[in-house]
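No value in this document is a laboratory result; all are computed from the given coordinates. Remember, predicted model here, so these are calculated numbers, not experimental data. Cβ: placed from backbone, ideal geometry, glycine included. Neighbour counts: every protein chain shown.
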Amino acid sequence: MTFAQIRIPLKTFIVVLALALAGIGYSLFRYGHGSLRFFESRVMFDIILRHEKRQLDDQARSGLSSTYYFTSYYLNGMLSAVEATEDEKLLDKTLRIMDMMISKARPFDSNGQTYQVWPPFSITADSAAPRPNLHFTFQASVPFARAAAIILRTPRFREKYAPTAQRYSAFVEQLIFRYWYQSQLKSRIFWIEPDHFPIWNDNGANLGLNALFMYEATSDPFYKDIAVRIGQCLKGKMAPQQSGWIWENQTIPIGSDTDNTPGSVGNQAGVPDVSHTNREAFLVTSFYEAGLVFSRDDVSRMANTLTDIIWDQSVESPSFSNYLNGSNEPYRVYKKPGLNGPIYHGWAFVGGYSPKAQDVLLYTLKAIWIGHRNPALERNATSYGGQLALAGHILRNFRVGGFNQALSYRWTLRNIREGLSAWIKPPSAH
């Protein structure tokens, strides 16, 4: 008897088909957490992650804090997706990259103590002997402290991954807090001392994030004290601007902050630039979630800064200003309006507390996905980890905000169609 000659009773066929469709529907429901928007964001995240695998592996093997500075953007996006989905396979992929990075740390002797650190080593104005780079290291370490905190506060992960969380927190403890904070900085937070840093500095923000996540992972008041002092310093600088926030308003000298790049014009607006203020948006939302320093109203006003001041109100082709006050004056070598408007690695966190901000993030990811381009979209699309971080933080926002908003099937099907095409030829990432 051939396959064509096999006859299946109609009722049996209908039951089997119904069961198959039900199984597919249930899988999609679980994958999409019951939300059409979550489903499509998850599809895009997974496709982007697939295409970033080689880049992530190459960066992880580099062993350089100057590279890991940028790897942190990818990792924070992946950790946000882990928080949103509680997907163990995704967590394993993330930890594999982070384990490789830790394995590349080198022993470094200082004042009779040995620390595991990342090169490159260089001579600076503060040290005649070569030592690691503080700026790169502070940012590169944040995902490790954050991963430890996420694992230990997630019951599904805690039992299996607690040793990994403890290993990560031990790594950050010796690298950031024993070597840098205690040994090199002599237990002082120079970035909150006006005599040393009258203008808010992003190293302070990254130290605050490291301390905050270490406190969440360990409950050690030592870290809480550092985090709170940094958070209070930032909060003391923040002032209302329309419906949002601003800080260091006209305290930044015009032409300063050139970073010594050829052709850089530095800061041309006298206020913080949008790219660097991602750290403060990340910090404010993270502190609020930990129950420290910042209130829900503070976070809401931070979300308004994005939606009412930085965003240009375009739905089809969103753009974001170069500066915190909405100015599009040039910044460093980013001289086109919106070119200094990446919002994927910090501003994206506010979407968990503002449906409007979440919409803006989805508009941005959609526009990138279907090929729209303007300077701001180009910067968000092509920066290291831009698309992956944006998709990952959007997923987390659904979990944090409980959003379950309908979206047109035409948009969803078009995104999935574009996504399947991108599986072969993805949207440009670099």
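Structure data summary
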{"read-out": "Rg [Å, one decimal], Dmax [Å, integer] - the chain, C-alpha atoms", "value": "22.9, 90"}
{"read-out": "Loop-located GluC sites (Glu not before Pro) in region 265-341, at most 13 other Cβ atoms within 10 Å (DSSP)", "value": "316"}
{"read-out": "Sequence ranges 385-392, 93-100, ranked by mean other-Cβ count within 10 angstrom, highest first", "value": "385-392, 93-100"}
{"read-out": "When each of 89/366; 186/235; 186/335; 160/366; 224/356 is checked by Cα-Cα distance, pairs over 28 Å", "value": "186/335; 160/366; 224/356"}
{"read-out": "Segments 72-84, 37-49, 147-159 sorted - mean Cβ within 10 Å per residue, highest first", "value": "72-84, 37-49, 147-159"}
{"read-out": "Sequence-distant lysines (8 or more away, or on other chains) whose Cα lies within less than 17 Å of residue 336", "value": "none"}
{"read-out": "Student exercise, the chain dipole from Lys, Arg, Asp, Glu Cβ charges, in Debye to nearest 20", "value": "1400 debye"}
{"read-out": "The chain - percent relative contact order, Cα under 8 Å, separation 6 or more", "value": "17 percent"}
{"read-out": "FRET efficiency, 1/(1 + (r/R0)^6) with R0 30 Å, evaluated for residue 46 and residue 102 via beta carbons", "value": "0.70"}
{"read-out": "Burial order of peptide ranges 266-273, 204-211, 294-301 (average beta-carbon count within 10 Å, highest first)", "value": "204-211, 266-273, 294-301"}
{"read-out": "Partner aspartates and glutamates for residue 104 [C-alpha distance under 15 Å; skip if fewer than 8 residues away on the same chain]", "value": "57, 58"}
{"read-out": "Length gained when the stretch residue 312-residue 250 is fully extended (0.36 nm per residue, less Cα-Cα span)", "value": "20.1 nm"}
